[in-house]
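Peer 1: Take this structure first; my questions come after.
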Amino acid sequence: MTANLLDFDLEGLAVFCEGLGEKRFRAQQLFRWIHQMGVSNPEDMTDLAKSLRAKLAGTARVTPLAVNAQHVSKDGTIKWLFDVGNGDAIETVFIPEDERGTLCISSQAGCAVGCRFCSTGHQGFSRNLTTGEIIAQLWFAEHFLRKHLNRQDRVVSNVVMMGMGEPLQNYAALVPALRVMLDDHGYGLSRRRVTVSTSGVVPMIDRLGQDCPVALAVSLHAPNDVLRDDLVPLNKKYPIAELMAACNRYLAHAPRDFITFEYCMLDGVNDQPEHAKQLVELVAQYSTGGVWGKFNLIPFNPFPASGLTRSSAHRVADFAKILSDAGIVTTVRKTRGDDIDAACGQLAGDVKDRTRVGQRMAVRQTARTVMIKPVTVFAKQPQEH
Ligand code: SF4
């Protein structure tokens with residue numbers, strides 16, 4: 001079977017080279033050709049010994065992902081839809097800013113967590129991506145953009161594992177991919193510039209702290225367990241207290257001295273002043289001093305199946321003020337690429353739902369609508385700011 005060279009971190013590639021009867025250091029040369037220079041054909045790797053090139057020709061290749069579509073937003077954000085076979089497609093987004101270029105990478109085709117406010121969650125889950133498929137997104141974006149922008153230097157300066165999927169539910173493939181991103185012979189990104197975002201897979205947060213501590217973002221979205229159980233179903237397994245304790249353990253290893261908490265602002269659901277006050281109490285309860293946690297408030301990008309709407313700008317500002325006044329660093333995320341459905345929570349790819357997560361969510365949503373309807377008929381309308 002032909003090996004995909006994108007599947008290997010440097011150590012894995014050294015072992016592969018040894019298996020071919022080559023010296024381990026050949027892996028460094030090979031790694032640089034692939035990741036730093038974007039070369040896929042061993043024949044073009046001119047400083048490799050001819051004998052190695054011949055061996056590679058028969059046993060290994062760089063397997064890129066096929067691009068199904070590319071969309072460019074008016075704000076410069078680019079979204080690619082990649083074919084990963086068997087009817088599954090994943091999405092990757094590049095967000096250019098003045099000082100940096102951030103690539104948002106997918107880790108799974110679909111997602112089994114089923115968060116209410118997330119398009120991917122509503123699609124269900126097909127399968128985990130391989131290390132090669134995770135890295136192929138960065139490999140393609142970096143070298144495509146260099147060519148496209150006519151640049152020699154690095155274009156992708158930051159990676160966020162915030163695309164489709166829960167990265168910590170694909171841990172075995174994730175960690176080698178992170179190592180390729182961090183490796184000086186690979187993409188040479190600092191740990192602070194690579195962020196893993198999780199909905200709260202507590203045991204894997206602990207393992208990541210041991211194996212490959214990069215920046216950590218936690219999708220919190222609710223200040224208490226009752227609400228979080230509904231918005232992020234994984235909370236039933238790992239409730240907020242366990243998640244916060246894991247965050248504190250992680251900080252002992254993290255490259256930054258704070259955790260980023262993502263909070264999607266949902267009109268009338270989690271955006272009330274009392275929710276902000278509960279967050280302040282939560283931070284006070286678990287903070288170990290210093291900055292500890294930064295909050296990133298995300299304007300919700302509505303889609304019909306969610307049954308949810310976006311909080312008003314005033315409500316978001318009031319919410320942010322309560323947190324800021326309590327000394328919590330709080331930012332409101334600028335929406336990027338929403339004209340091409342590339343903003344947070346909008347990534348949906350094209351997924352064969354093999355676990356029926358999507359179907360179960362649709363049933364839950366119908367039940368919720370039936371329960372809510374009689375109440376809302378008589379309820380006082382929420383005040384618009
Ligand atoms: S928010 Fe993340 S964890 Fe939740 S369903 Fe979407 S992709 Fe999965």
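None of the figures in this text is laboratory data; all of them are computed from the coordinates on show. Keep in mind it's a predicted model, so treat the numbers as computed, not measured. Every residue, glycine as well, gets a Cβ built from its backbone with ideal geometry; the counts of neighbours run over all protein chains shown.
Peer 1: Counting other C-beta atoms within 10 Å, which of 198, 120, 2, 330 has the fewest, and how do the rest follow?
Peer 2: Ascending number of Cβ neighbours within 10 Å: 2, 330, 198, 120.
Peer 1: Please rank 84, 155, fewest neighbouring Cβ atoms within 10 Å first, as an exposure proxy.
Peer 2: Result, fewest neighbours first: 155, 84.
Peer 1: Using r as the Cβ-Cβ distance of residue 226 and residue 309, and R0 as 25 Å, what FRET efficiency do you calculate, to the nearest 0.05?
Peer 2: Approximately 0.75, to the nearest 0.05.
Peer 1: Full-extension gain between residue 338 and residue 207, please, as 0.36 nm times their residue separation minus the C-alpha to C-alpha distance.
Peer 2: Separation in residues times 0.36 nm, less the Cα-Cα distance, equals 43.7 nm.
Peer 1: How do 187, 171 rank when sorted from fewest to most other Cβ atoms within 10 Å of their own Cβ?
Peer 2: The most exposed by this proxy come first: 171, 187.
Peer 1: So for segment 66-375, averaging the separation of alpha carbon pairs under 8 Å that are six or more residues apart and normalising by length, what relative contact order in percent results?
Peer 2: Answer for segment 66-375 is 22 percent.
Peer 1: Could you count how many Lys pairs in segment 66-375 have their Cα atoms under 29 Å apart, skipping same-chain pairs fewer than 8 positions apart?
Peer 2: 21
Peer 1: Give me the percent relative contact order of segment 3-61, please, defined on Cα pairs under 8 angstrom at least 6 residues apart.
Peer 2: The value is 34 percent.
Peer 1: Evaluate the distance, in nm, between pseudo-label points positioned 7 Å from the Cα of residue 277 and of residue 324 along their respective Cα→Cβ axes.
Peer 2: Between residue 277 and residue 324, the simple spin-label model gives 2.1 nm.
Peer 1: Follow-up question, since we're still on this one. Give the angle, between 0 and 90 degrees and rounded to the nearest 10, that separates the Cα long axis of helix 171-182 from the longest principal axis of the Cα atoms of the chain.
Peer 2: 70 degrees
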